[in-house]
Amino acid sequence: MSKNVRPGSLFVLLLMCLDLHTLVESAPICAHGHTGCHSPTLSDLFDRVIQHSARMHGLSSDLHSDFEQYFLPSRNQIGRINRKCHTAYILTPNGKENAQRLAREELTEVILKLLAAWRDPLSQFHRSMARHEDFTSISGNKALEMSDMVHQLKNGVEKVAEKMQLLGMISNSLMSLSSTEALAPHSASSEARSMSDYELLYCFRRDSNKVQNYLKILKCRIVAEHGC
Amino acid sequence: MEKGFARVWRKTGTRLTLLYLLLLLVGRMNGEAGVAPPGKPRLINCRSPEKETFTCWWEPGSSGGLPTSYTLFYRKENSDVVYECPDYITAGDNSCFFDKNHTSIWVNYNITVVAQNALGNASSDPMDVDVMNIVQPHHPENVTVTLMQGENLYLQVKWQPPRMADTRSGWITLTYELLVKREEDDEWEEYFAGLQKQYQLFSPHPGETYMVKVRCKPDHGYWSEWSATAYVDVPDYLPRERSVWMLLAVFSAFVFLIFMWVLALKKNRVKHCLLPPVPGPKIKGFDSCLLKMEKSEEIFNGLIGLGFRPPSDSGDLLVDYLEVSESIQSESRHSLSPNGKDQVKDSVADHSGGHLCDVPAILAEKCNKEMEAQGDVQTEESLETVGHLAGNDNHTPNPSAASSNQPCVQESPYHVPEESKQGLDPVTWDNDELSSYRGNAPVHGKSHFNSEYVTERWQGCLQVTKPTEYVEVQKVNQENTLILKPKAEEEMEDFLQLGLRGQDYSKVSELVNDHILLLERGSTTPNTYCGSLGSPVQQQPKQTLCQGPNGYVETFTVQSSSY
């Protein structure tokens, strides 16, 4: 009996360690340095998150150009939106120096705020996409994928932040993650609801580019590597 | 005074205006553009080399013949404040340069160019620009190609990102692409280098010059221009390779020679394999061996079945078949199996066309076994027994003889080597036949044989490729048994006396007057000899004909016939 139990427990332990590798979605079991577990490095985490954000931005660009093709043939309207993006309340650095001037914590916070602000509008967008009959199903799938990605990316960045805090690279003065959503003014979400699909796409395309760029800056600042 | 002055001035002004208008008219008549408000300018594009500054270019419209000035105005997103271009000079003519302080990323710029001259102004269509979309970096710098010696020779291409692009901080991510060409090639080869700043090109062609150029692209933007081309000369390191090829060539030549040698050795087998001897046509019922027997009557006896008029003095002679079967190990009975007239006819008829020798299966099998056992099979053609002997109905046909109307087993070479010639029982012949065949001369007078054959039914032509394979009648014993033996090597002389030469073959062209054969020269297989039988032939060689297996007639000298 005892002989059977021991390999069984080892097996379970192995499984638990392997579970760590599905990083973004699940909480790391070995985050606190259990022996025998192999946790990915911060560099790996950053790479995954950056890849994820790149894919997200690619999707948003595709959708945006599709939308322009189908709904806005007139060149005069391209790029012109009548109102601000609903994320305008978030102060984001608009240049390299500004971004570099921001502290790591602040930069991380900006990223998380942006990602949090887009979760609801994107699901709203996906629902309205489903209603469009002349929009292709491929675009509909992209919209769904995009809204999932935002959620996944936010979780990933949170993991990165945790890891950074763990390693002492950023101070613990980072606001608690749940509060980032709470701080969003109520008007923002209502504003998002009143935006048209095209405006949503336009704003999201820009914001996803911001997120990708900020993540890259953060990575190269913290984990200087061959990619920088 | 002042009034006058004013009057003069007014007049001058009017005159000048008139003159001006006249000039305008003249100008128009001459085809030159006259003065007019400026044409609408057009914004071409805006580009940012490093995502920190950007430049916009425009195309002027018609100037209207007057000095025209261009002004660029822009508005930032969601703001109504109109700004003017901060720098018209840095980027050249008809351009506006936005420096770092005036550039904001992720902000939509609404840009317009206004052309203005004395007569009016014209405004271009507005253009919306977001710097994140218009990044086009400068080309990569310091592109170098060097020869590197690792395991083998290879080329290493290295470059630097453009100076202004800040990849170190992660602000821009650049991916690179190479174009490589040999100097004499027409087309460039593309290589994608990804994020790395160096690239290896393996196995360059020796003794040639390579040209390389590189360009880069940000992850969301435009490809840069191509860098300056870098050259490298690859030395001739071929000799080492060449020696390998030479070794290979020598080795394959060697293998080829061996193969050809083996082929030459086994030429005969190969030839038999690839070009099996074709059985030749045979005249119906025409027995070539009878020709050697100087019995012209018998020759034509064989043709009785075909309707030829038999010779007068061979009235009741019928062609019969003597089956020669061989039993090397054991002795067996042998008897002539005379066929009746009808049978003769049938047999003769059966011999039409091809090379029918009717060697019975048993004989063939025995021969095969013996040959395999002895292992000295040299012949490629089967041994056939040819001999049409006249016979009567006295002799009982052998039971095994009844079935032997097989075509000549040419594929099963029949070779009776000397050693195995003992122990054969003599052939039994009909006395009458023998006498007719030989004219009453005793057979045994010619004892050449040192072995005997078992014969059961003897039909067809005994063919040998070597002298040792000839079957000769050794003797006739009291029981009218014909004893045959294969011709030994030392008796080749006799054959030669007969004039059996390998090469002087002739072809029968026609039969004239029932007893004259017309011959024509022809070629034949060199190894075909017509078997002879009987000592009378040897003793009395005469010029006669011997028909080979493929219808060709062999000439040899035979002395005067004894009959």
Scanning the stretch A:85-141 residue by residue, the ones that are part of a loop (DSSP other than H, G, I, E, B) and within 14 Å of chain B (Cβ to nearest Cβ) total 8
Across the stretch A:214-226, which residue is surrounded by the most Cβ atoms within 10 Å (Cβ to Cβ) among those that are more than 7 Å from every other protein chain (Cβ to nearest Cβ) and either free of Cβ contacts under 8 Å to residues at least 12 places away in the same chain or not aliphatic (A, V, I, L, M) (or both)? A:Tyr214
Restricting attention to the stretch A:193-213, and to residues there that are at the interface with chain B (Cβ under 10 Å from one of its Cβ atoms) and out of contact with any strand residue (DSSP E or B) (no Cβ under 8 Å at 6 or more places or on another chain), which single residue is farthest from A:Gln124 (Cα to Cα)? A:Asn213
For B:Gly170: the one exception among (1) within 14 Å of another protein chain (Cβ to nearest Cβ); (2) in contact (Cβ under 8 Å) with a residue 40 or more places away in the chain; (3) open to solvent by less than 10 Å² (accessible area, probe 1.4 Å): (2)
Has the stretch B:188-197 got at least one residue that is within 14 Å of chain A (Cβ to nearest Cβ), among the polar types (S, T, N, Q), in a loop (DSSP other than H, G, I, E, B) and within 20 Å of B:Tyr222 (Cβ to Cβ)? no
Would you say B:Arg163 is open to solvent by 30 Å² or more (accessible area, probe 1.4 Å), in contact (Cβ under 8 Å) with a residue 12 or more places away in the chain, more than 24 Å from B:Asp236 (Cβ to Cβ) and of a type in the set (Lys, Arg)? yes
Considering every residue within the stretch B:152-160, establish whether at least one is part of a loop (DSSP other than H, G, I, E, B) and farther than 18 Å from B:Trp58 by Cβ. yes
Residue under question is B:Glu177, and the condition is that it be over 21 Å from A:Ala224 (Cβ atoms) and either within 14 Å of chain A (Cβ to nearest Cβ) or modelled with pLDDT of 95 or more (or both); does it hold? yes
Suppose we filter A:Leu115, A:Leu107, A:Leu91 for residues that are out of contact with any Ser or Thr (no Cβ under 7 Å at 6 or more places or on another chain), open to solvent by 20 Å² or more (accessible area, probe 1.4 Å) and either at pLDDT 90 or above or more than 15 Å from A:Asp207 (Cβ to Cβ) (or both); which single one remains? A:Leu91
Looking only at the stretch B:253-308, and only at residues there that are polar (S, T, N, Q) and at pLDDT below 80, the one that is most open to solvent (accessible area, probe 1.4 Å): B:Ser296
A:Asn76 being assigned to a helix (DSSP H, G or I), at pLDDT below 85, within 14 Å of chain B (Cβ to nearest Cβ) and open to solvent by 40 Å² or more (accessible area, probe 1.4 Å): yes
Just checking, does the stretch B:145-154 include any residue being within 12 Å of chain A (Cβ to nearest Cβ) and open to solvent by 40 Å² or more (accessible area, probe 1.4 Å)? no
Restricting attention to the stretch B:134-144, and to residues there that are surrounded by 15 or more Cβ atoms within 10 Å (Cβ to Cβ) and among the β-branched types (Val, Ile, Thr), which single residue is farthest from the other protein chains (Cβ to nearest Cβ)? B:Val143
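The values are calculated or read from the model by the stated rules, or taken from the named source; none is laboratory data. Everything quoted here is computed from the prediction, not taken from an experiment. As a convention, Cβ positions derive from the backbone with ideal geometry for all residues, glycine included, and neighbour counts pool all protein chains shown. For the accessible areas, the whole protein counts, side chains as well, though only heavy atoms, and no ligand, DNA or RNA atoms are used. Shrake-Rupley method; radii C 1.70, N 1.55, O 1.52, S 1.80 Å.
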